[in-house]
1. How many residues does the range 39-57 hold that are more than 15 Å from THR10 (Cβ to Cβ) and either touching a helix residue (DSSP H, G or I) at 6+ places or on another chain (Cβ under 7 Å) or among the hydrophobic types (A, V, I, L, M, F, W, C) (or both)?
2. Restricting to the range 1-15, count the residues that are closer than 18 Å to THR46 by Cβ and aliphatic (A, V, I, L, M).
3. How many of the residues making up the range 13-35 are exposed (fewer than 14 other Cβ atoms within 10 Å of the Cβ) and either more than 17 Å from GLY61 (Cβ to Cβ) or touching a Lys or Arg at 6+ places or on another chain (Cβ under 7 Å) (or both)?
4. How many residues does the range 36-60 contain that are more than 22 Å from LEU5 (Cβ to Cβ), among the aliphatic types (A, V, I, L, M) and part of a loop (DSSP other than H, G, I, E, B)?
5. Given (1) modelled with pLDDT under 95; (2) within 12 Å of the chain's Cα centre (by Cα), where does PRO7 come up short, assuming only one miss?
6. What residue, of ARG60, ARG36, is farther than 14 Å from MET8 by Cα and of a type in the set (Lys, Arg)?
7. So how many residues does the range 13-27 have that are in contact with a Leu (Cβ under 8 Å, 6 or more places away or on another chain) and either polar (S, T, N, Q) or not in a strand (DSSP E or B) (or both)?
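The values are calculated or read from the model by the stated rules, or taken from the named source; none is laboratory data. Since we're looking at a predicted model, the values are computed, not measured. Cβ atoms come from the backbone with ideal geometry, glycine included; neighbour counts cover every protein chain shown.
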Amino acid sequence: MYQPLPPMLTPCTGVCCLDERGRCDGCHRTGDEIARWSQMDDRERTHLMDVVLPDREAGRG
């Protein structure tokens, strides 16, 4: 029987515009992180969402 894949974790907010540093204004990922997102494992995605992106949004990264 066919089992659909669970939805992939993503910080995407639908506001996709890279700033002068190459970071998305909506989710704060770099263009490289956006391009690699579907190839990352859950551990990498969770680390970015829980640690890296909040620091960037707060101006610490």
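1. Residues that pass the stated criteria total 1.
2. As a first pass, look at the range 1-15 and keep what is closer than 18 Å to THR46 by Cβ: 5-13.
Right, trim to aliphatic (A, V, I, L, M) and you get 5, 8-9.
Selection size over the range 1-15: 3.
3. Residues meeting the conditions: 6.
4. 1
5. Result: PRO7 passes all but (2).
6. On the way: ARG36 fails: farther than 14 Å from MET8 by Cα.
Only one candidate passes the filter, namely ARG60.
7. In the first step, residues of the range 13-27 are kept if they are in contact with a Leu (Cβ under 8 Å, 6 or more places away or on another chain); the result is 24-25, 27.
Restricting the remaining residues to those that are either polar (S, T, N, Q) or not in a strand (DSSP E or B) (or both) gives 25, 27.
Qualifying residue count for the region: 2.
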